[in-house]
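Structure, as structure tokens:
The values are calculated or read from the model by the stated rules, or taken from the named source; none is laboratory data. Please read these numbers as outputs of a predicted model, since none were measured by experiment. A quick note on method: Cβ atoms are made from the backbone with ideal geometry, for glycine too, and the neighbour counts reach across all protein chains shown. What goes into the accessible areas is simple: the full protein's heavy atoms, side chains included, and nothing from ligands, DNA or RNA. Shrake-Rupley method; radii C 1.70, N 1.55, O 1.52, S 1.80 Å.
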Amino acid sequence: MPEISRRDFLKLTRDGFLYLSGALALSGLLRFLSFQTEPALQTEFDLGPAENYPLNSRTFLADVPAILLHTNNGFSALSLTCTHLGCTVEHNNDGFTCPCHGSRYDPAGNVTRGPAKNPLRPLLVEKTPDGLLILYTN
Amino acid sequence: MRKLIVVATAILFLSLSLAWWLNARQPKPVELIPALTGQSEYCLTCHADLPEISSSHPIKTFGCVRCHGGERLALDASLAHSTMRGGANPSDLSVVEISCGGSNCHSGSEADDRNHIQRVMTSVQSTYAGAIANIRFTFGAQTDLIAHFGINAITDEETKTGLTSLSAFNPASDDNSFIQKFGDNCLTCHLNSIPREGPLYARQTGCAACHSTAQHTLTTAIPYTQCNACHNRGNYDLRSMTFMERADQPIIRIEDYYQPIAQFTQCEYTLDCVDCHTRSEIMGDGDIHSNQKDIQYVQCKTCHGTLTQLPLTTTLTDPNDIAFRMSFLNPVVDIKIGDTMIVTEKGEPLWNTRVLPDGTYEMIGKATRQKFIFRPVMGTACEQKPDEQGSQYCHKCHSVER
């Protein structure tokens with residue numbers, strides 16, 4: 001094994017520390033530059049082809065949350081966010097019930113029991129020329 | 001010189017490594033955007049293990065910051081907690097209005113029966129006005145038994161009791177040494193006070209004093225043991241002006257419920273306090289009162305009637321009746337329009353009761369879910385005088401032996 005001089009050893013050690021430090025600093029910089037903020041709240045939902053929702057169907061959309069109605073008048077949607085404090089209401093035979101404070105709404109979203117005072121919010125549903133349904137929560 | 005450069009590069013490397021290591025130890029941030037606030041918060045990064053506080057306050061809707069305060073974006077514990085309200089208890093009465101208030105929450109209108117905070121603030125459980133008035137009267141500091149002082153100064157312009165305000169009680173400034181001692185030793189049972197030490201007295205302050213029976217839990221199914229963190233634990237000795245703990249070491253319910261000297265009936269110790277005593281009795285009715293007796297009005301006859309009168313009842317016709325809200329919060333019984341239940345003389349429904357077709361009555365324990373069937377006094381051999389309806393008269397025949 002060849003002997004290494006003291007000078008070379010110190011140089012090697014210095015360079016090693018410098019390279020490792022550089023690598024650490026560079027990875028930190030890359031991490032900093034690649035930081036991504038949380039995505040904004042989704043306000044537009046692609047519901048897919050309209051024919052997936054037959055006439056007189058009521059489809060629960062958990063991601064929104066909302067319920068999509070298909071009647072003779074076309075497509076419409078109701079937000080399932082309780083107008084009292086914002087809990088997600090549950091769909092049942094009589095309409096909707098808030099699991100947090102017991103507000104009740106009829107199938108059309110009108111309040112039948114407090115503490116909520118306002119009806120469930122209607123949401124805009126549009127059908128694109130190629131037959132897709134888009135739901136907007138704004 | 002070369003040696004110095006090597007040492008410098010080593011220090012640089014170690015510093016960067018330390019920074020990297022510290023950064024790597026940071027937990028991965030967990031974001032929550034509650035529906036109620038719509039603002040990001042990162043409390044769940046460290047507190048994901050806490051149980052949901054109640055079904056009425058789901059984390060996805062409320063988040064943490066709406067109630068607790070704190071720095072919602074901070075990942076450093078000290079910084080995140082630096083602006084929390086009430087420490088770990090945002091329901092402490094010093095901060096409750098900010099934490100729990102709001103017209104849709106707990107400081108809404110009296111008409112909507114959402115004035116919880118206003119009611120609690122003026123209640124004797126909070127003001128301790130009765131005890132203070134009695135002590136001041138007993139030791140000559142006032143000439144009547146009307147409340148003039150409360151734990152905190154409070155006003156109520158719309159009071160129906162004639163008491164529009166209480167001044168803040170400051171026993172240290174009183175010349176009477178007994179009143180000073182009372183201030184030092186005897187103010188441990190009101191909703192603002194730090195409880196006495198020991199597991200038997202363990203409770204929090206504010207709303208959580210009654211409604212929190214376990215860590216990070218809010219409930220209306222309050223067992224008697226929660227009430228007994230203050231009640232039935234002993235007596236104040238007026239000579240030494242100190243609290244004297246009850247001497248026994250009760251284990252079973254019949255012995256633990258009341259103090260050894262107390263008389264009680266079977267229903268008094270089998271039921272929980274909240275099964276009979278109403279919201280306005282316990283949380284206050286929104287008015288300032290001079291003592292507990294002014295606000296506590298439920299008696300044996302509320303459920304059992306008298307020899308000449310059946311208990312008052314009401315049949316539910318309004319879907320917004322408070323009975324529905326109460327049974328929703330603590331669903332021990334499924335009530336519906338058309339149900340007939342006992343109602344107090346002030347019109348408060350005992351929503352956990354029901355009139356049965358055979359003329360008897362049913363009560364479901366709010367904390368135990370136990371079913372109790374009971375009869376009215378009318379038509380029995382009871383000889384109770386109509387004007388003697390206090391429990392002490394019923395105890396003469398119906399008290400149980402321990």
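Of the options A:Gly16, A:Ser27, A:Ile4, report the single residue whose Cα projects farthest towards the positive end of the charge dipole of the range A:1-44 (beta-carbon charges: Lys, Arg +1; Asp, Glu -1).
Of A:Gly16, A:Ser27, A:Ile4, it is A:Ile4.
Give the interface area between chains B and A as buried accessible surface, both sides summed, probe 1.4 Å, in Å² to the nearest 100. Working shown, then result.
Numbers: alone 22730 and 10180 Å², together 30240 Å².
Buried surface at the B/A interface: approximately 2700 Å².
If I take every Cα pair under 8 Å that is 6 or more residues apart in the range B:276-375, average their sequence separation and divide by the length, what percent do I get for the relative contact order?
20 percent
Taking a threshold of 26 Å on the Cα-Cα distance, which of the pairs B:Lys336/B:Lys366; B:Lys160/B:Lys366; B:Lys293/B:Lys396; B:Lys346/B:Lys385; A:Lys117/B:Lys336; B:Lys293/B:Lys346 fall above it?
Pairs exceeding 26 Å: B:Lys160/B:Lys366.
Around B:Ile33, with a cut-off of 10 angstrom between Cβ atoms, what is the net charge of the other residues, counting Lys and Arg +1 and Asp and Glu -1?
-2
Hey, could you grab the Kirkwood Rh for the range B:100-170? Inverse mean 1/r over distinct alpha carbon pairs, Å, one decimal.
13.0 Å
Just the accessible area per residue of the protein assembly as shown, please: how many Å² with a 1.4 Å probe?
56 Å²
Can you give the alpha-carbon Rg of the range B:333-402 over 2.2 N^0.38 Å, where N counts its residues?
Working it through for the range B:333-402, the quotient is 1.29.
Just to confirm my numbers, what's the Cα centroid distance between the range A:99-117 and the range B:247-303 in Å?
Here the two parts' Cα centres lie 35 Å apart.
Using amide H atoms built 1.01 Å from N in the peptide plane, name the residues 5+ places from B:Gln259, or on other chains, whose amide H lies under 5 Å from its own.
It is none; the list stays empty.
Starting from the Cα gyration tensor of the range B:234-336, multiply each eigenvalue by 5, take the square root, and state the resulting semi-axes largest first in whole Å. All intermediate terms of the calculation are to be shown ahead of the outcome.
Numbers: eigenvalues 203, 67, 52 Å².
So the three semi-axes of the range B:234-336 are 32, 18, 16 Å.
Mind listing P(r) for the range B:129-240? All alpha-carbon pairs, 5 Å bins, whole percents.
With 5 Å bins starting at 0, P(r) equals 2, 11, 18, 20, 16, 16, 12, 5, 1.
Helix A:6-33 versus the longest principal axis of chain A: what angle, 0 to 90°, nearest 10, using Cα atoms?
10 degrees
Can you give the convex hull volume per residue for the Cα atoms of the range B:362-402, as a whole number of Å³?
Values: hull volume 5.0 nm³, N = 41.
Measuring per residue, one finds 121 Å³ for the Cα hull of the range B:362-402.
Arrange the residues B:Leu271, A:Leu26, B:Leu44 by how much accessible surface each exposes, largest first, with a 1.4 angstrom probe.
The ranking, largest first, comes out as A:Leu26, B:Leu44, B:Leu271.
If the only charges are +1 at each Lys and Arg Cβ and -1 at each Asp and Glu Cβ, what is the size of the charge dipole of the range B:114-218 around the Cα centre, to the nearest 20 debye?
360 debye
Give me the lysines in straight-line cross-link reach of A:Lys11: C-alpha distance below 27 Å, same-chain residues under 8 apart excluded.
Once the sequence-local lysines are set aside, what remains near A:Lys11 is B:Lys3.
How big is the Kirkwood radius of the range B:185-230, worked out from every pair of different alpha carbons and given in Å to one decimal?
Result for the range B:185-230 stands at 10.7 Å.
How big is the dipole moment of the protein assembly as shown about its Cα centre under a simple scheme where the beta carbon of each Lys and Arg is +1, that of each Asp and Glu is -1, and everything else is neutral? Debye, nearest 20, please.
That gives a dipole near 1620 debye.
If N is the number of residues in the range A:15-78, what value comes out of its Cα radius of gyration divided by 2.2 N^0.38 Å?
In units of the 2.2 N^0.38 Å rule of thumb, it is 2.32.
For chain B, list the DSSP H helices whose alpha carbon atoms reach 27 Å or more along the long axis and whose average Kyte-Doolittle value is 1.0 or above?
Values: long enough: B:2-25 (34 Å, 1.24).
What comes out of the filter, once short or polar helices are dropped, is B:2-25.
Residue farthest toward the positive end of the dipole of chain B, with Cβ of Lys/Arg at +1 and Asp/Glu at -1: which of B:Thr205, B:Leu22, B:Pro58?
B:Leu22
Could you tell me the convex hull volume per residue, in Å³, taken over the Cα atoms of the range A:21-138? Provide the component values of the computation, followed by the final result.
Values: hull volume 18.9 nm³, N = 118.
Spread over its residues, the Cα hull of the range A:21-138 gives 160 Å³ apiece.
Can I get the semi-axes of the range B:1-69's equivalent ellipsoid? Compute them from the C-alpha gyration tensor as square roots of 5 times the eigenvalues, in angstrom, largest first.
Result for the range B:1-69: semi-axes of 46, 11, 7 Å.
When only C-alpha pairs under 8 Å and at least 6 residues apart count, what is the relative contact order of the range B:9-95, in percent?
21 percent
Rounded to whole Å and sorted largest first, what semi-axes of the equivalent ellipsoid does the C-alpha gyration tensor of the protein assembly as shown yield via the square root of 5 times each eigenvalue?
Square roots of five times the eigenvalues give 55, 39, 21 Å.
What percentage of all Cα-Cα pairs in the range B:292-355 are separated by more than 17 Å? All intermediate terms of the calculation are to be shown ahead of the outcome.
Details: 845 of 2016 pairs.
Counting pairs separated by more than 17 Å, the tail of P(r) holds 42 percent.
Using only the alpha-carbon atoms of chain B, report the extent along each of the three principal axes, biggest first, to the nearest angstrom.
Sorted largest first, the three principal extents are 109, 58, 46 Å.
What is the Cα convex hull volume of the range B:281-402 when expressed per residue in Å³?
Dividing the Cα hull volume of the range B:281-402 by its residues yields 145 Å³.
Let me check the size of the range B:97-138 from its C-alpha atoms; what are the radius of gyration and Dmax in Å?
Rg and Dmax of the range B:97-138, Cα atoms, are 13.7, 43 Å.
Taking a quarter of the surface of the convex hull around the Cα atoms of the range B:170-291, what do you get in nm²? Could you put the intermediate results ahead of the total?
Working: hull surface 36.3 nm².
For the Cα atoms of the range B:170-291, the hull's average projected area reads 9.1 nm².
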